[in-house]
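First comes the structure, then the notes that go with it.
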Amino acid sequence: MAAQPTGTPDILLQSREGGVLILTLNRPDRFNAFTVDLHAQLAAALDAARADDGVRAILLTGAGKAFCAGQDLSDRSVAPGAGRPDLGESLEQRYNPLVRRLRAMPKPIVCAVNGAAAGAGANIALACDIVLAGKSAKFLQAFAKIGLVPDSGGTWILPRLMGDARARAAIFLAEQIPAEQAEQWGMIYRAVDDAMLMSEARAIAHRLADGPTYGFALIKQALTASAQNSLDAQLDLERDLQRKAGASDDYAEGVKAFMEKRAPRFSGKGPA
């Protein structure tokens, strides 16, 4: 993996289990809230994972009792008499690129929400491909409590996951949404017992790492485009992506395994 950016090297822990890269936000004393350094380290880790053919799935989680409390406000506090911070610049330089990295990553990302996911922390979790949460976890759109607008894609992804009415209430009222309710509302894939969270998340990540990585990248591309495309445009895109998938080594292996009545052994490779 690439060298860590500047700052404390252990605020983002990285480990490998076969084709799975595990990234752990590691500021438990601050509920894994984001700083400039944590952003830089996570961006570098994701870029390295994208370029590493040995990484075929990513598992993102947090250390301690929380997944992520969003922005560490002490990292940009407004002192009396001081100039106001440009929060738009913070989004432009750090949060927006992070969400774009997650959504454009050509490898599936599993998020294990191990505790509170608040503000940008909640929306970053929801930007991943498959989200599991421990039953004690809670999601909170905390922005209105301090007079801000939901960011990190929150105003885009929440209405699509839970519907406009629930999204508006969650944002305006800034009330906690327990993990089991988040599952019922379609915000996340599954709420699981806390003790089983990481084992279940690992199992899913390893299943994905053994899958057709190139095909997964095309699937992500199709799903992302569907939010803006008309049906006609999406049908055309599916045609074009299916043409690419059909020329891949993994498709050939999948058909061969089906005919031979055995489990496929995907390499993750695209067209030869």
Theoretical FRET efficiency, 1/(1+(r/R0)^6), r = Cβ-Cβ of R84 and K256, R0 45 Å, to 0.05
0.15
If you fit an axis through the alpha-carbon atoms of helix 249-259 and take the longest principal axis of the Cα set of the chain, what angle between them do you get, 0 to 90°, nearest 10?
60 degrees
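Going by a ≥ b ≥ c, the root eigenvalues of the Cα gyration tensor, does segment 39-145 fall in the rounded group (a/c under 1.5), the prolate group (a/b larger than b/c) or the oblate group?
oblate
Once the Cβ-Cβ distance between D194 and R243 is put in as r, and R0 is 35 Å, what FRET efficiency do you end up with, to the nearest 0.05?
Between D194 and R243 the formula returns 0.20.
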Distance between Cα centroids, segment 38-57 to segment 94-109: provide it in whole Å.
10 Å
Just want to confirm a number: the relative contact order over the chain, from Cα pairs under 8 angstrom separated by 6+ residues, in percent.
16 percent
Report the Cα centroid-to-centroid distance between segment 177-193 and segment 197-234 in angstrom, as an integer.
20 Å
Could you work out the pair-distance distribution P(r) of the chain from its alpha-carbon pairs, with 5 angstrom bin width and percents rounded to whole numbers?
1, 6, 12, 16, 17, 17, 13, 9, 5, 2, 1, 0, 0, 0, 0
Using only Cα atoms, find the angle between the long axis of helix 36-51 and the longest principal axis of the chain, and express it within 0 to 90 degrees, rounded to the nearest 10.
0 degrees
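If each residue of separation counts as 0.36 nm, what is the full-extension length gain between Q176 and R100 once their alpha-carbon separation is subtracted? The partial results should precede the final answer.
On the way: separation 76, 0.36 × 76 = 27.36 nm, distance 2.57 nm.
Residue separation times 0.36 nm, minus the Cα-Cα distance, leaves 24.8 nm.
Values in this text are rule-based calculations from the coordinates and carry no lab data. Please read these numbers as outputs of a predicted model, since none were measured by experiment. Neighbour counts are summed over all protein chains in view; Cβ atoms, including those assigned to glycine, are modelled from backbone coordinates with ideal geometry.
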